[in-house]
Amino acid sequence: VWKVLNFQQTKTARQAAMVRTKLKNLVSGTTVEDTFRMSETFQTAQVDTNDAVYSYDDGDSLVFMDAVDFDEITIPRESIENIDLVKDGMTVQIVKWGDTIVDVQLPTSETYEVTYTEPGLKNAASTGQSKDATLETGAVIQVPLFVEIGDVVKVKCAEREFIERAKK
């Protein structure tokens, strides 16, 4: 089972169109880069996706509660990307291939409180510069200079990007 992390279409005058990809094997965790012709087809993996709510940290793993049948699901820390963005009560999607959990998908975006950042400049809204900010979960992301400690920010989880300042 492979997940496409990113892809880029290329077309030269003398060759057929190609797609350069970066793929992750969801079972072993290895990442490879490969190139395919546009005409190639692949079989789609039959996976099941279930919502689960983050409950607590159990040392080497995180424990989630299935949103449908309320069973506890224990997932090793190393199999969760952007684990430092997971916060209490967050609803994630758990992807299963057969009985094997192959991916944990965080929400597209989530709000976090900024717990630490360096002081910014006054009237810095249009400079386009950024600085580091530590979120309530301990994650560090880049934010604009006008963001201050105590602000609530909306973050795009997969890319770890600041979207906007949110209402408290």
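The values are calculated or read from the model by the stated rules, or taken from the named source; none is laboratory data. Fair warning: this is a prediction, and the values are worked out from it, not measured in the lab. All Cβ positions, glycine included, derive from the backbone under ideal geometry; neighbour counts span all protein chains shown. Quick note on the areas: whole protein, heavy atoms, side chains included, nothing else; ligands and nucleic acids left out. Shrake-Rupley method; radii C 1.70, N 1.55, O 1.52, S 1.80 Å.
Couple of notes before you dig in:
- Model label zone, residue 88; criterion: amide N under 19 Å from point 7 Å along Cα-to-beta-carbon; scope region 99-120: 110-116
- Relative contact order [Cα under 8 Å, 6+ residues apart], region 63-139, whole percent: 24
- Dipole magnitude of region 31-168 about its Cα centre (Cβ charges: Lys, Arg +1; Asp, Glu -1), debye to nearest 20: 880
- Remark: for residue pairs 24/96; 87/154; 22/131; 96/154; 87/156, the C-alpha separation exceeds 18 Å in 22/131; 96/154.
- Heavy-atom accessible surface of region 83-122, averaged per residue, reaches 56 Å², computed with a 1.4 Å probe.
- Using C-alpha pairs under 8 Å with a sequence gap of at least 6, the mean separation divided by the residue count of the chain gives a relative contact order of 14 percent.
- Here the translational diffusion coefficient of the chain follows from Stokes-Einstein with Rh set to the Kirkwood radius across Cα pairs; for 4 °C and 1.567 mPa s it amounts to 70 µm²/s.
- Residue with peak Gaussian network fluctuation, the chain [Cα springs, cutoff 10 Å], from 79, 39, 55: 39
- Surface share of carbon and sulfur [accessible, 1.4 angstrom probe, percent] for region 18-168: 46
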